[in-house]
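Taking it in order: structure first as structure tokens, then the write-up.
What follows draws every value from the coordinates through simple rules; no lab data is involved. Since this is a predicted model, take the numbers as computed values, not measurements. Here the Cβ positions follow ideal geometry from the backbone for every residue, glycine too, while neighbour counts run over all protein chains shown.
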Amino acid sequence: MILRLDLATAPPAVSLEQPEELSSFKAEVVLGSHTWVSPAALESLGPDDAEWRQRLAATIAYAREHGWTDEQGNVRAHVELVDERADTAVE
């Protein structure tokens, strides 16, 4: 069984591949050099602070001016890999 996380799509896609194969289990992460993030997701994860939201809006406007948004308004983000070599849980 494979839990597949595709970070190259917006929003990131999560799927279960080969569900009938229960003798093994792994997680696969599909990466590109960039991923797309919705401004609403950034807003919901950020602090509940009016000044911060204004600065976020300015950042997104800057990204839009430079062609770093897609047709839906998602913002292009660089992907940086962090290898902490620790077990992590996905809930």
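Structural remarks
Residues checked against (1) exposed (fewer than 12 other Cβ atoms within 10 Å of the Cβ); (2) assigned to a loop (DSSP other than H, G, I, E, B); (3) among the hydroxyl-bearing types (Ser, Thr, Tyr); (4) in contact (Cβ under 8 Å) with a residue 40 or more places away in the chain:
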position	(1), (2), (3), (4)
Ala8	no, yes, no, no
Pro11	no, yes, no, no
Ser15	yes, no, yes, no
Glu20	yes, yes, no, no
Ser23	yes, yes, yes, no
Thr35	no, no, yes, yes
Ala40	yes, no, no, no
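- Subset of the stretch 42-54 (residues that are loosely packed, with under 11 Cβ neighbours inside 10 Å and not polar (S, T, N, Q)): Leu45, Pro47, Asp48, Asp49, Ala50, Glu51
- The residues of the stretch 42-58 that are part of a helix (DSSP H, G or I), out of contact with any helix residue (DSSP H, G or I) (no Cβ under 9 Å at 6 or more places or on another chain) and of a type outside the set (A, V, I, L, M, F, W, C), listed by number, are Ser44, Glu51, Gln54, Arg55.
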